[in-house]
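K.L.:
My structure is below; once you've seen it, I'll send some questions.
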Amino acid sequence: ATNHAQAILKCRDALSGTPPDRNKYMLVITDGVSTAGGSPTASPADSAIVAADLAKGDDINIIPVFIMTSELVGGLDFMSTISSDGKVFNVTDFESLETLEQELIEQVSCSADTPEPTTAPQVNPIPVAPTSVPSMMPSCVVGSDFDLCLALDMSGSVCSKNNPQMCSQCEPANQCRDTTVPFDTCCENFQDIKTFSTSVVNKLDEFPGLSKYSVV
C-alpha cells in the first residue's frame, strides 16, 4: 500500500528544523497514487493532498518524481496536485530515472534570485569551447543553501512488476525477490530508486552551499 500522506508528514517533520535562510525541498519518488493513509472522512488521496498543503504552508517545495509504468488513471493529475508548482518529473520505467538527474539538480541547487548585473559588462566575451563530456554540475551561477528530504516509495507495486498480487515484505519471494540485489532492497526496481537518489544527493553535495539530507 502507498501512503503518501504519512511520507509527506514525516518529511515535513524532518524539515521542521531547517534554518529560515535555507530553502526546503521534498522529493517524492513513487510509482502510484495513494492507497493507504485515509480516514473515515477522507480518501488516501485527499489525505495526501492535505498533508502536501501543510508542507507547502511551511514553505517546503514538493517535487514529485513519478514512475508511470502503466496507464494509471488520474496518476499524473494527482502528482501535479501534490507538486508545489504543478510540475511532475515522470518516466515510464525505473531504469530511466537517471535521465531526470540534471534538471532535478538544477531545480534544487540553483537560486531563484537573479544576480545583480555588473557595472561594466564585458562587450566581447572570450569564446569557450564546449567540453567533450557534458557536465552534471548545475548551469546556474548562484547557489542556494537548502535542506532536502527524500520520500522513497517501497510499496508492494514497486517490486510486484505489474503482477496482480502486490508484494508485502518482499513476499511472495518467487514474484518479488531479485537475487541480484541485497535482501533488504528486495528488487531491482527499488535498487534503481536507491541508486538514483544516492546519485542526486552526491551531485548536489558537490555544489557550493550548505545542505542537509534526510530520507523517509
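The values are calculated or read from the model by the stated rules, or taken from the named source; none is laboratory data. These figures come from a predicted structure and were not determined experimentally. All Cβ positions, even for glycine, are placed from backbone atoms using ideal geometry, and neighbour counts span all protein chains on display. Accessible surface areas use protein heavy atoms only, side chains included; no ligands, DNA or RNA. Shrake-Rupley method; radii C 1.70, N 1.55, O 1.52, S 1.80 Å.
K.L.:
For residues that are open to solvent by less than 50 Å² (accessible area, probe 1.4 Å), more than 25 Å from THR69 (Cα to Cα) and either modelled with pLDDT of 90 or more or outside any helix (DSSP H, G or I) (or both), tally how many sit in the range 97-114.
P.N.:
2
K.L.:
I need the full set of residues from the range 200-212 which are under 12 Å from the mean Cα position of the chain (by Cα) and open to solvent by 20 Å² or more (accessible area, probe 1.4 Å), in order please.
P.N.:
Hit for the range 200-212 is VAL201, nothing else.
K.L.:
Scanning the range 159-187 for residues that are buried (at least 17 other Cβ atoms within 10 Å of the Cβ) and part of a helix (DSSP H, G or I), which turns out farthest from the chain's Cα centre (by Cα)?
P.N.:
Across the range 159-187, the extreme among qualifying residues is CYS176.
K.L.:
Something else now. Give me the pairs: first residue in the range 31-50 and farther than 15 Å from MET166 by Cβ, second residue hydroxyl-bearing (Ser, Thr, Tyr) and open to solvent by 40 Å² or more (accessible area, probe 1.4 Å), beta-carbon distance under 8 Å, and six or more apart or on different chains, which are they?
P.N.:
Listed by first residue and then by second, the contacts come to SER47/SER39; ILE49/THR81.
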